[in-house]
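To start, the structure itself, in structure tokens.
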Amino acid sequence: MTGGRRGQEAVGRQQELAELDQVLADVRAGHPRFAVVAGPAGIGRTTLAELFLDRHPELRVDRVTALPWEQQIPFGLLDRLVGPGGPGRTTAPAAATRLLADWTDGDPEPTIAVVVDDAQWADVDSLRALLSAHHRLSAERVLVLLLARDDPASEISRFLDRCPGPVVRVRPLGPSEVRTLAMLHAGQDLSAPTAYRLAEHTAGNPRHVRDLLRELPAESWSRWQAALPAPRALAAEVERALAGCGPGARALVECAAVLGRTVALADAAELAGLDDPVSALDEAGRAGLIDTVPGRGPVTLTFRDPLAHAAVYHGLSPLHRYERHREAARLAQDTGTALLHRVAVTPFHDAALAAELEEYAGVQAALGVWSAVGAALVSAGRLSPDRGERQRRLLRAVDALVGTGDLAQAGSFAAEIESFPPSPLRDEVLGYLAILRGRPAEAELLLSQAWERCHPEREPETAALICQRRVLHSLSRWHGPDLVAWGRRAVELADPHDPSAVETQVIMGLGLAATGQSERARRTYDEVVSRISLGAQSQRAQMGKGWLDLAMDDPQAARRELATAVPTEYRRGSVRISLWAQAWLARTEFALGSWDEAVQTVNRAAVQLDNTGLELVRPLVHWTGAQVHALRGDLPRAEEHLKHASASAHNYEVMFLPSCLAAAQCAEAQSDYDGVLRALEPLVQLRSREGIDEPGFWPWHDVYGNALVMTNRVEEADAFLTPHERLAAERGHRSTLARLGYVRGRIHGALGDVDAARESFEGALERIKSLPLPYERTRIRFAYGQTLRRAGKRKEAEVVLRRARDGYAAFGATTYVERCDRELKAGGLHPKRGVDLAELTPQEQAVAGLVAEGRSNKQVAVELFVSVKTVQFHLTRIYAKLGVRSRSELAAQFRAATTAP
């Protein structure tokens, strides 16, 4: 294997190689292993084995590839494995004896790797002999490695499922790995959204990825493609399967492909002209082409993967495809679907159809369904014979695509749009795209040009659009006064019922709150909500109101609003708005102490970010992920989120602020207070401060002030804190007053005024008492207890620190549980010891009991039907809650607790 080829094949395989290295380490320690490397065709099982063997040239390798035409020959595989003079066709025990003699022949005995490739084709007798030989080994250093393709229906697969050793599953490649493979294999620097689409389309199969990169023209990867094809080899396989089907099954599959990847059986059968489609469905299923989707109600069928769908669809002849689409358009029950089928079979410019598409886009725009608007106008532009109309419709299409968050498709048109003659609409669209890509300087230039070129009296619609983009630009700069000013202009120019006007008013509410006008902001939301209908428009209002509710100390209301704003499927909302909602929902769940849910929200949003390329929201999404993992002591994951959350002062403030906060909070979790100051110093230096310092939105002031005290810069902390305390008191913002109050308590403690410190901490706790903010309460208690302990108030400190410890343990924040224990020990007190099973959830009790019995994490996972990662997570929380540090300590104290009278 050449160096370049080896680099391609190693992409995304570090985890699997590490698993195989661990198996080999067991073998070298005198524990023979019988392992399986499994995965679908093309996933890279053989290549993985080659990479593994390349890493260990010291191994003696006995290798054989099973052949399908020899599967019925007893011991045929073994004959080829052991060479001339082998066991021949005999019994499995006799064959096993011959294998053992071969493996143990030599002094000293080498470490042997017996590799069987394509084991799914091996004869059962040979596999039984290998397994029998393995069972007779004691301490010999032998690794039997079977490389097998997934095929649940085969007898060999059932045999492999019963094998005693570990199974290493070869994972599909993720988008970042596909991007790396594209660069190494084809020199293609795919955009993140394109890499995501290619990974999804190929199910992360490296063979299919390489085939498509080789078969499609290089320039196609920089253009938007509505549908990717299947690789030619796989398309030929699908065609062979389809050719083996009867006319009814073939018609059903082809009609389903025309309608989409997942369709109602009734619709596909109607298009195919089948009165009784069940037998056709059964035949197509047995051919491996389609499945049914489980569930109640009408039967739904789906292609097993996107490649099978693409192969069937692109395998249709042009005439056949034309006829099917034309009939589908006739049968369609809604205008949008009918239009899309008509577009699919229109080979030339068609002014009438383009006009119909634009009319339909106008109806959808009135509802705020920007995804439908974008799709319709892209088609309208392509069908327009007039160049000016074509450009105008494409500009409006891209504006809608940006609005829905589909930056992958919108960005693919950017170069074409830049070639259009300068116009206010062109600059507005490019400026809008620059905002969501997180490029403030570019957006400022383009939007300024657009406004200068625009004549509001002659082009009120375009002028309103420019103002609306300036509103979003000002929000991203977190500049409240500009936001409100541009918002007022936009509202004056736009139709008040226009969806863009609704979004402008939603953002204006945030701008009012960011300038201290929270009551006006609330009234704005009440007014907007009272006049909009359900659907895409309501999504925008709920996202904005949820953001405001969180900032105004009502996280429970925020969670209701934001959770409702996340889904997009039923009301055809915007992915862009959904991502904003998910980012703030994660912050809300964190504030409420629901950290597991917060991490899940972050992970879901991160996948969508990869698909859309919406850079503007990326740091905000990953901020919560970084903070939770840092507090839980999982530094590798925290660092991964920090990497994705990174932003600089050249980015938008709405990116830069969460980026700095994430870095500071990760540093704080590691007691690196100098690191906290370095992370937040750029925020201190920002000149535009109105929105940055407004209480409730960006809680960084207490983190910075606390770090100043902890680095013995008490006077600076006092000077820094005072104006922020004054502003929070003026606004009456309770959680901000509580956060700043604990820093004030630290300052008093550092100056030796214990009574004043006690008063500040108690005041902070009182302000937050009625708010559902458990993490903030726990954070105040930790600072309070630490201050009391360092002032020599040991008994008071113990009470407060134990309550802080319990709070951190409930979140799984092991980093701070350990710090509480150290504080208690430093004060001459004893961290909590002994097992109180009442503190554990039922699932945690089950995990603790099995671990106390001496079972491994893997064994516990099998017993409880959960993943190993879930077991590891529960153990982390168990250690924190019960104050134990190891499995042996847990076992000893668990037994003591369960046997106590």
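Listed values, structure above:
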{"read-out": "Residue in the stretch 645-664 that is modelled with pLDDT of 95 or more, outside any loop (DSSP other than H, G, I, E, B) and farther than 16 Å from Arg618 by Cβ present", "value": "yes"}
{"read-out": "Residues being under 20 Å from Arg60 (Cα atoms), of a type in the set (Gly, Ala, Ser) and either touching a strand residue (DSSP E or B) at 6+ places or on another chain (Cβ under 6 Å) or outside the structural domain of Glu70 (by TED's automatic domain parsing) (or both) - total across the stretch 124-150", "value": "0"}
{"read-out": "Which listed residue, of Pro294, Pro306, Pro347, is closer than 27 Å to Arg197 by Cβ, of a type outside the set (Val, Ile, Thr) and more than 34 Å from the chain's Cα centre (by Cα)", "value": "Pro347"}
{"read-out": "Candidate set: the stretch 412-437, residues that are surrounded by 23 or more Cβ atoms within 10 Å (Cβ to Cβ) and touching a residue at least 60 places away in the same chain (Cβ under 8 Å); chosen: the one farthest from His479 (Cα to Cα)", "value": "Leu436"}
{"read-out": "One residue from Gly42, Gly30, Gly76, Gly85 being surrounded by fewer than 14 Cβ atoms within 10 Å (Cβ to Cβ) and either under 17 Å from Ala148 (Cα atoms) or at pLDDT 85 or above (or both)", "value": "Gly30"}
{"read-out": "Residue in the stretch 719-740 that is at pLDDT 95 or above, exposed (fewer than 15 other Cβ atoms within 10 Å of the Cβ) and more than 41 Å from the chain's Cα centre (by Cα) present", "value": "yes"}
{"read-out": "Number of the condition not met by Thr787 [criteria: (1) assigned to a helix (DSSP H, G or I); (2) closer than 30 Å to Phe873 by Cα]", "value": "(2)"}
{"read-out": "Residues located in the stretch 719-733, provided they are assigned to a helix (DSSP H, G or I) and over 19 Å from Arg689 (Cβ atoms)", "value": "none"}
{"read-out": "Hits in the stretch 205-237 (condition: surrounded by fewer than 20 Cβ atoms within 10 Å (Cβ to Cβ) and not in a helix (DSSP H, G or I))", "value": "Leu216, Pro217, Arg223, Trp224, Gln225, Ala226, Ala227, Leu228, Pro229"}
{"read-out": "Qualifying residue in the stretch 851-868 (condition: at pLDDT below 75, in a helix (DSSP H, G or I) and under 26 Å from Arg805 (Cα atoms))", "value": "no"}
{"read-out": "Close pairs (7 angstrom Cβ cut-off, 6 or more residues apart or separate chains): touching a residue at least 60 places away in the same chain (Cβ under 8 Å) in the stretch 10-28, of a type in the set (Val, Ile, Thr) and surrounded by 12 or more Cβ atoms within 10 Å (Cβ to Cβ) anywhere", "value": "Val11/Thr180; Glu16/Val168; Glu16/Val170; Glu19/Val168; Leu20/Val168; Val27/Thr111; Val27/Val142; Arg28/Thr111"}
{"read-out": "Which listed residue is of a type in the set (A, V, I, L, M), assigned to a helix (DSSP H, G or I) and more than 15 Å from the chain's Cα centre (by Cα), from Val628, Val621", "value": "Val628"}
{"read-out": "Subset of the stretch 261-293 [touching a strand residue (DSSP E or B) at 6+ places or on another chain (Cβ under 9 Å) and free of Cβ contacts under 8 Å to residues at least 12 places away in the same chain]", "value": "Gly285"}
{"read-out": "Test: residue in the stretch 590-611 that is under 16 Å from Gly405 (Cβ atoms), modelled with pLDDT under 95, among the β-branched types (Val, Ile, Thr) and part of a loop (DSSP other than H, G, I, E, B)", "value": "no"}
{"read-out": "Any hit, the stretch 566-583, residues being under 24 Å from Arg779 (Cα atoms) and modelled with pLDDT of 95 or more", "value": "yes"}
{"read-out": "Filter result for Thr736 (part of a helix (DSSP H, G or I), over 30 Å from Ser886 (Cα atoms), in contact (Cβ under 8 Å) with a residue 24 or more places away in the chain and hydroxyl-bearing (Ser, Thr, Tyr))", "value": "yes"}
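The values are calculated or read from the model by the stated rules, or taken from the named source; none is laboratory data. Remember, predicted model here, so these are calculated numbers, not experimental data. Backbone-built Cβ (ideal geometry, glycine too); neighbour counts: all protein chains shown.
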